[in-house]
Amino acid sequence: MSWFDHWQPDQQLDSAAQLQPEALRARGIRGIIFDLDSTLAPWGFTRPPPGLPGFLDRLEHQGFSLAFLSNHSGWGREGLRESLGGRPLIFGARKPRPTGFLRLLELMGLPARQVAVVGDQLFTDIWGAKRLGLWAILVPSLALAAEPWPMRPRRLLERVVLRLLDRFCP
Ligand SMILES: [Mg+2]
C-alpha cells in the first residue's frame with residue numbers, strides 16, 4: 001500500500017444522505033461509523049438537524065449498527081449523545097489514530113471489513129478508516145463557512161491530494 005492509497009476514499013458521495021443501504025449491504029457492510037462535524041451537520045452543532053434522527057433510525061431499521069467518532073473535545077455538547085439516540089459516540093478521538101475506531105468496532109461487535117466510515121476529512125476520517133481496512137466514504141463538508149479558520153490550509157491540501165489521486169490513481 002502506497003501512502004496515497006491511505007488517502008484514496010473507497011467511495012465519494014454528495015452527502016451522507018446519499019448513502020445506499022442496499023449497495024452497502026451487498027458489500028457486506030453491517031455497521032456505519034459517522035464523523036459528526038461537517039459530515040452530519042455544520043461544524044460544532046449541538047443539536048441534530050431536523051431530518052437527522054429519522055435518517056439514522058431508518059438506517060438502523062435496515063439492519064445497520066451506527067456509531068459516531070469525533071475529534072472534537074465534546075465540550076459544550078453534552079446533550080448530543082442523547083439527541084443522537086444514545087448510540088455509541090466517542091469525542092476526542094484523535095483520528096486518524098486507530099484507538100477510537102477499534103473501540104467502536106468492539107462495541108458494534110463487527111470486524112473492520114463489515115464497517116463503513118462516513119466523513120468529510122481526508123486526513124482524519126478517510127486515513128483512519130483506510131489504515132484499518134474499513135470502507136471509507138468521503139462526503140464534502142456540509143458547511144465550509146462554519147468551520148474554524150485553522151481548517152482552511154487543510155482543506156486546500158485535501159483538494160490537492162484528491163486531484164493528484166484523480167489523476168494518478170483513478
Ligand atoms: Mg468532520
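All of the numbers you see were taken from the coordinates with simple rules; none came from a lab. It should be emphasised that the depicted structure is a prediction, and the values quoted were computed from it without experimental measurement. Here the Cβ is made from the backbone with ideal geometry for all residues, glycine too, and neighbour counts use every protein chain on show.
Can you compute 3J(HN,Hα) from phi for each residue in the stretch 142-153, using the Karplus curve 6.51 cos²θ - 1.76 cosθ + 1.60 with θ = phi - 60°, rounded to whole Hz and x for Gly and Pro? Along the stretch 142-153, the couplings run 5, 8, 4, 5, 7, 7, x, 4, x, 6, 4, x Hz.
The stretch 73-131 and the stretch 151-170 have Cα centres spaced 23 Å apart.
Give, rounded to the nearest 20 debye, the magnitude of the charge dipole that the chain has about its Cα centre when Lys and Arg contribute +1 at Cβ and Asp and Glu contribute -1 at Cβ.
Working: 21 positive and 16 negative charges, 76 e Å.
Computed about the Cα centre, the dipole is about 360 debye.
On the beta carbon distance between F4 and H61, with R0 = 45 Å, the FRET formula returns roughly 0.75.
Taking the stretch 1-35 and a reference point 7 angstrom along Cα→Cβ of L165, the backbone N atoms nearer than 11 Å belong to 4-13.
Contact order for the chain, expressed relative to its length and based on alpha carbon pairs under 8 Å spaced 6+ residues apart, stands at 31 percent.
Net charge in the neighbourhood of R87 (other residues with Cβ under 15 Å of its Cβ; Lys, Arg +1, Asp, Glu -1) is 0. G74's amide H: which non-local residues (gap 5+, or another chain) put their own amide H closer than 5 Å, with H modeled 1.01 Å from N in plane and none for Pro or chain starts? Distant-sequence amide H within range of G74: G92. A simple count of charges around L36, restricted to other residues whose Cβ falls under 15 Å of its Cβ and scoring Lys, Arg +1 and Asp, Glu -1, yields -1.
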